[in-house]
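The block underneath contains the structure these notes are about, expressed in C-alpha cells.
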Amino acid sequence: MKLTDYIIDRLFSIIMFLAALIFSMGLLWLMGLRCEFIIYIEIIFGFSFLASLLWDYTGKRKYYCGLMALFDGLDDKTLLAELAEKPGFLDGKLLYRILRLSDKYMNDKLAEAQATNQEYREYIEMWVHEIKTPITSAHLIIENDKNISTIRIDDELNKIDHFVEQALFYARSTALEKDFKIEKTTMKTLVQEALKSYSRQIIGVHGRPVFVNLDIPVYADRKWCVFIIGQIIANSVKYAKENLLLTFEGKSFENGCSLSVSDNGIGIDEADMPRIFEKGFTGENGRKMKKSTGIGLYLCRKLCHKMNMEISAESSSENGTTMKITFPGENLTFW
C-alpha cells in the first residue's frame with residue numbers, strides 16, 4: 001500500500017479540509033482576531049488532521065501488507081480467510097466479512113464438486129468391474145472354440161480389456177494415496193509382469209524383448225509401475241516397424257535407479273516431443289495412424305509424479321524412442 005495511492009484515495013477529504021481551513025481563517029480574520037491566534041488555531045487543526053491521516057494510513061498499510069504477505073506465503077490460497085486476522089477499522093472489517101463469506105461459498109462448492117467427482121469415480125470403477133465380467137466370459141468362450149475368426153475376436157477383446165484397464169487407472173489416479181503400497185521388488189519382475197499382458201501384440205508385430213541389467217531392486221507400487229511400463233510397451237507396439245525390438249535396460253546410481261525402455265519404431269516427431277505428456281495430445285503420428293487417444297503418456301507422467309518418480313523421453317525417426325523411468329532410492333519419501 002503506497003502513500004501516494006492512499007493520498008489519492010483521500011484526495012476529496014484533503015481538498016474539503018483545505019477549503020474549510022481557508023474559510024475558517026477568513027471568518028476568524030473578519031471577527032477581528034489577531035493573526036497570531038488565527039495561525040495557531042489553523043496549525044492545531046492542520047496537525048490534528050495530518051496526524052489522523054497518518055494514523056489511519058499506518059494501520060491500514062500494516063494490515064494489508066501483512067495480508068498480502070500471508071497470501072503469497074500460502075500454498076493453498078483458499079486458507080487466507082481462515083488465517084487472516086480481523087482488522088480494527090471499518091472498511092477492513094467489511095472486507096474481512098466478505099472474504100469469509102466468499103470462502104464459505106467456495107468451500108461449499110468445492111465440497112459439492114468433490115462429492116460429484118467421487119460419485120463419478122466410483123461409478124467408473126463399478127462399471128469397469130462389471131464390464132470385465134462379460135469380457136472374461138467372452139475369452140472363455142473363445143478358448144473353447146478356437147479358430148481364425150475367434151482368435152481375431154480375442155485380439156480385439158484384449159484391446160478392449162486394455163482400454164478398460166486404462167479407464168480404471170485414470171479414475172483411481174485422482175485418489176492414488178487410497179490405493180498405494182510401496183514394496184521392494186525388482187525391475188525384472190515389473191517388466192515381466194507388464195510383458196505378459198502384451199505378449200500376443202508383441203508377437204503380432206514380430207517383436208522380441210531384450211533385457212539388460214534388470215536385477216536391480218526398486219521400491220515402488222508394483223501394480224501402478226506395471227501399468228506404466230505396460231503403457232510404454234503398448235505405444236511401442238502401436239508405432240512399431242517390422243521386427244520390433246524392445247530393449248529394457250536398468251541403471252543404478254547414488255540416489256536411485258532408472259529403467260529405460262527403447263524400441264526401434266517410427267519415433268516421435270521432434271516438434272511433438274515437448275508436448276507428448278500433455279493430456280489429449282496425439283501428435284503427428286497419432287493423427288496419421290488414428291490410433292492414439294493422448295491419454296496413455298499423460299497418465300504415466302501423472303502417476304509417476306504422484307509416486308515421486310520421473311519419466312522422460314528421447315526419440316528420433318532413425319533410432320526409435322526411449323522412455324526413461326527414474327525411481328527414487330529407499331530412503332526417499334514418497335508422496
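The values are calculated or read from the model by the stated rules, or taken from the named source; none is laboratory data. Keep in mind the model is a prediction, meaning the values are calculated, not measured. We place every Cβ from the backbone using ideal geometry, glycine too, and count neighbours over all the protein chains shown. Quick note on the areas: whole protein, heavy atoms, side chains included, nothing else; ligands and nucleic acids left out. Shrake-Rupley method; radii C 1.70, N 1.55, O 1.52, S 1.80 Å.
A few points about this structure:
- When both the range 27-41 and the range 179-232 are represented by their alpha-carbon centers, they are found 96 Å apart.
- The range 171-265: relative contact order in percent, alpha carbon pairs under 8 Å with at least 6 residues between: 32 percent
- Restricting the range 1-92 to trypsin sites (Lys or Arg not before Pro) that sit in a DSSP loop and have at most 15 other Cβ atoms within 10 Å of their own Cβ leaves LYS2, ARG10, ARG34.
- Take the convex hull of the alpha carbons in the chain; its mean projected area over all directions comes to 27.5 nm².
- Spatial extent of the range 162-290: Rg and Dmax, with the Cα atoms as the point set, Å: 15.4, 42
- Of the three principal axes defined by the Cα atoms of the range 1-141, the extents in descending order read 116, 24, 21 Å.
- PRO87 sits among other residues whose Cβ lies under 15 Å from its own Cβ, and their net charge, with Lys and Arg +1 and Asp and Glu -1, is +4.
- For the pair ASN147 and GLU310, a Förster radius of 30 Å applied to the C-beta separation gives a FRET efficiency near 0.05, rounded to the nearest 0.05.
- For the range 251-280 versus the range 71-114, the gap between their alpha-carbon centres in whole angstrom: 43 Å
- Each of ILE22 and ASP72 was given a label point 7 Å from its Cα along the Cα-to-Cβ line. The distance between the two points is 4.1 nm.
- Extension gain, GLN192-VAL205: 0.36 nm per intervening residue step, less the Cα-Cα distance, totals 2.8 nm.
- P(r) weight above 13 Å for the range 126-197, C-alpha pairs, percent: 74 percent
- GNM on the chain, alpha-carbon springs under 10 angstrom: the most fluctuating residue among LEU21, LEU74, LEU214 is LEU21.
- Where only DSSP H runs of four or more residues are counted, the chain gives -20500 deg cm²/dmol as its mean residue ellipticity at 222 nm, each run worth -39500 (n - 2.57).
- Among the protein heavy atoms, those of LYS302 account for about 50 Å² of accessible surface (1.4 Å probe, every chain in place).
- Rounded to the nearest 10 square angstrom, ARG97 shows an accessible area of 150 square angstrom against a 1.4 Å probe.
- Extension gain (nm, one decimal) between GLU130 and LEU53, 0.36 nm per residue minus Cα-Cα: 20.6 nm
- The modelled label-to-label distance between LEU214 and TYR105, using points 7 Å beyond Cα along the C-beta direction, is 5.7 nm.
- Of the chymotrypsin sites (Phe, Trp or Tyr not before Pro) found in the range 1-103, none is in coil by DSSP with at most 10 other Cβ atoms within 10 Å of its Cβ.
- Cα shape, the range 18-78, gyration tensor, a/c 1.5 rule: prolate
- Computed accessible area, ASP76, all protein chains, 1.4 angstrom probe, square angstrom: 70 Å²
- Accessible surface computed residue by residue for the range 165-269, with neighbouring protein chains in place and a 1.4 Å probe, gives 47 Å² per residue.
- Scanning the chain for GluC sites (Glu not before Pro) lying in DSSP loops with no more than 16 further Cβ atoms inside 10 Å, the longest uninterrupted stretch between such sites is 86-241.
- Other residues lying with their Cβ under 15 Å from the Cβ of ASN107 contribute a combined charge of -1, Lys and Arg counting +1, Asp and Glu -1.
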